[in-house]
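Below you'll find the structure, written out as structure tokens, and then a few comments.
The values are calculated or read from the model by the stated rules, or taken from the named source; none is laboratory data. Quick caveat, the model's predicted, so the values are computed rather than measured. All Cβ positions, even for glycine, are placed from backbone atoms using ideal geometry, and neighbour counts span all protein chains on display.
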Amino acid sequence: MDAVNLLGFDLQGLAAYCDQLGEKRFRATQLFRWIHQKGASDFSQMSDLAKSLRDKLAGRAHIAGLPVISEHVSADGTIKWLFDVGQGNAVEAVFIPEDDRATLCISSQAGCAVGCRFCSTGHQGFSRNLDTWEILAQLWHAEHSLRQRRGSDERVISNVVMMGMGEPLQNYGALVPALRAMLDDHGYGLSRRRVTVSTSGVVPMIDRLREDVPVALAVSLHAPTDPLRDQLVPLNRKYPIAELLDSCNRYLEAAPRDFITFEYCMLDGVNDSPEQARELIRLLKGKVPCKINLIPFNPFPASGLKRSSHERVKAFADILIQSGIVTTVRKTRGDDIDAACGQLAGEVQDRTRAHLRMVRAPVVVHRGAATSAGAAPSASSAPGTAPTTSSQPPTIPRS
Ligand code: SAH
Ligand code: SF4
């Protein structure tokens, strides 16, 4: 029988496991604290556990992190780890120290099935869901290796964002216990405000998260209209913007913050015009309490897309700010080690050949109707001359 990896349990799960071994709940709490608060992986270290329990555990369970393939430290202090998740797949976690907080960005899947046009993970296709222990192992490793390096027992990571590889809400079953362990006072003790799930908009799962573990929510919007968002975030065809915004409002009833963060990746000539900023205002103002985070696009060759210029980002931000919407422009961090958002490519194999499919069958949208690439695009929708009205969104250049 394979040993059970105790990193894969929230406290309730560990209590149930201990119960099976005939152990009381407080033993599970002790064990949980050793694992997550002290970073222990060796049962013999756990001095306050009865020797009989330690022996019992040693025979049937273990505490095993993910093998680290590489660690890169950026000039700005950002650290990127690449973890081996087997069968040629790797996932990344990125540590981002700032003056008032230290954030760890972690992955939920090897690859991603959503296939967003501007995302290198999306271009690689979906390999597999991570297990709970693989999600938590990223935090466990980062927190405890950093403490060790600093020679201190003090907590290092103050915030966690599920913004690495993968769509967390398409790996819901593994995500929820991982979030619970992050929030648990006997685990990492992070408040719900300091744990953020970022989603491309899996509406039914936003509703479930609200019931199960309502942490802070970031929604990757990227476009003010459905025809454009259909192209950038293919999941929009299933859950269009109006449904997504309704679910955001429902989420706010339970959320730890009184706003939703909308992420908007600035793509040159695609979604960054002043008119599109005004469309965004019409979409959101007075409809969903929100903040907007503009993310400068991190280009990668296969995308065929370009980062909006600094001036264009600023002009876009100014329009939003003047309307009263709190807007920030994300600083790019760790550029020198490819640790910025959307560069979390890892070495995931291109199992589903998603990238090839994107290249061969780009979607061209005219007047709200999606047609295949065979339809002749109008001159005005050629790359670089993107029209900006909602009825005729730009053609996304082929990668
Ligand atoms: N799947 C989730 C979380 C992971 S992606 C989601 O889509 O929200 C985390 C953030 O990085 C998202 O807002 C995503 O849109 C953004 N992103 C992806 N690729 C990017 C790129 N190349 N440049 C900038 N941001 C990118
Ligand atoms: Fe998946 Fe998020 Fe990348 Fe879209 S942006 S492909 S949802 S990881």
Notebook entry, point to check: Looking at Ala102, is it in contact with a Phe, Trp or Tyr (Cβ under 6 Å, 6 or more places away or on another chain) and more than 16 Å from ligand 1 (Cβ to nearest atom)?
Noted result: no
Counted residues in the range 184-199 being over 25 Å from Leu244 (Cα atoms) and of a type outside the set (Ser, Thr, Tyr) come to 6
The number of residues in the range 224-238 that are of a type outside the set (S, T, N, Q), more than 13 Å from ligand 1 (Cβ to nearest atom) and assigned to a loop (DSSP other than H, G, I, E, B) is 2
In the range 187-209, residues that are surrounded by 19 or more Cβ atoms within 10 Å (Cβ to Cβ) and away from ligand 2 (no atom under 16 Å from the Cβ) total 5
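Just wondering, is there one or more residues in the range 186-207 that are over 30 Å from Ala40 (Cβ atoms), of a type in the set (D, E, K, R) and over 17 Å from the mean Cα position of the chain (by Cα)?
Going through the range 186-207, the residues over 30 Å from Ala40 (Cβ atoms) turn out to be 198-207.
Then drop every residue that is not of a type in the set (D, E, K, R), which leaves 207.
Keeping just the survivors that are over 17 Å from the mean Cα position of the chain (by Cα) gives 207.
Among the residues of the range 186-207, at least one is over 30 Å from Ala40 (Cβ atoms), of a type in the set (D, E, K, R) and over 17 Å from the mean Cα position of the chain (by Cα), which makes the answer yes.
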Per the filter on the range 118-136, residues more than 8 Å from ligand 2 (Cβ to nearest atom), modelled with pLDDT of 95 or more and not small (Gly, Ala, Ser) are Phe126, Arg128, Asn129, Leu130, Asp131, Thr132, Trp133, Glu134, Ile135, Leu136
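Within the range 253-273, does at least one residue satisfy the condition of being assigned to a helix (DSSP H, G or I), polar (S, T, N, Q) and in the same structural domain as Phe118 (by TED's automatic domain parsing)?
No, the conditions are met nowhere in the range 253-273.
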Pairs returned, first residue in the range 159-188 that is more than 11 Å from ligand 1 (Cβ to nearest atom), second residue that is of a type in the set (Asp, Glu), beta-carbon separation under 7 angstrom, 6 or more apart or interchain, are Ala174/Asp131; Val176/Asp212; Pro177/Asp10; Arg180/Asp10; Ala181/Asp10; Asp184/Asp10
Result of the Cβ filter at 7 Å on the range 16-40, keeping first residues that are within 20 Å of Leu136 (Cβ to Cβ) and partners that are loosely packed, with under 13 Cβ neighbours inside 10 Å, at least 6 apart or interchain, is Gln30/Asp48
Screening Asp100, Asp153 for residues that are more than 15 Å from ligand 2 (Cβ to nearest atom) and modelled with pLDDT under 95 leaves only Asp153
For the range 208-223, the count of residues that are outside any strand (DSSP E or B) and either under 15 Å from the mean Cα position of the chain (by Cα) or in contact (Cβ under 8 Å) with a residue 40 or more places away in the chain (or both) equals 8
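Considering the range 202-216 alone, what residues qualify as being touching a Ser or Thr at 6+ places or on another chain (Cβ under 7 Å) and within 16 Å of ligand 1 (Cβ to nearest atom)?
From the range 202-216, those touching a Ser or Thr at 6+ places or on another chain (Cβ under 7 Å) are 203, 206-207, 215-216; that's our starting set.
Once the filter is applied, which keeps residues that are touching a Ser or Thr at 6+ places or on another chain (Cβ under 7 Å) and within 16 Å of ligand 1 (Cβ to nearest atom), the range 202-216 yields Val203, Ile206, Val215, Ala216.
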Scanning the range 303-334 for residues that are within 30 Å of Val73 (Cβ to Cβ) and not in a loop (DSSP other than H, G, I, E, B), the one farthest from ligand 1 (Cβ to nearest atom) turns out to be His310
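Confirm whether Val161 is in contact with a Ser or Thr (Cβ under 8 Å, 6 or more places away or on another chain), of a type in the set (Val, Ile, Thr) and surrounded by 23 or more Cβ atoms within 10 Å (Cβ to Cβ). Step through it out loud before you land on a result.
On the way: in contact with a Ser or Thr (Cβ under 8 Å, 6 or more places away or on another chain): yes; of a type in the set (Val, Ile, Thr): yes; surrounded by 23 or more Cβ atoms within 10 Å (Cβ to Cβ): no.
Spelling it out, it is not the case that Val161 is in contact with a Ser or Thr (Cβ under 8 Å, 6 or more places away or on another chain), of a type in the set (Val, Ile, Thr) and surrounded by 23 or more Cβ atoms within 10 Å (Cβ to Cβ).
Results for (1) of a type outside the set (A, V, I, L, M); (2) within 29 Å of Asp230 (Cα to Cα); (3) crowded, with 16+ Cβ neighbours inside 10 Å, shown as yes or no for each residue.
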{"position": "Ser44", "(1), (2), (3)": "yes, no, no"}
{"position": "Gly77", "(1), (2), (3)": "yes, no, no"}
{"position": "Trp81", "(1), (2), (3)": "yes, no, yes"}
{"position": "Gln87", "(1), (2), (3)": "yes, no, no"}
{"position": "Gln109", "(1), (2), (3)": "yes, yes, yes"}
{"position": "Phe118", "(1), (2), (3)": "yes, yes, yes"}
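Residue-wise test of (1) closer than 16 Å to His144 by Cα; (2) under 28 Å from the mean Cα position of the chain (by Cα); (3) modelled with pLDDT of 95 or more.
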residue	(1), (2), (3)
Ala16	no, no, yes
His36	yes, yes, yes
Ser41	yes, yes, yes
Ser44	no, no, no
Ser47	no, no, no
Val68	yes, yes, yes
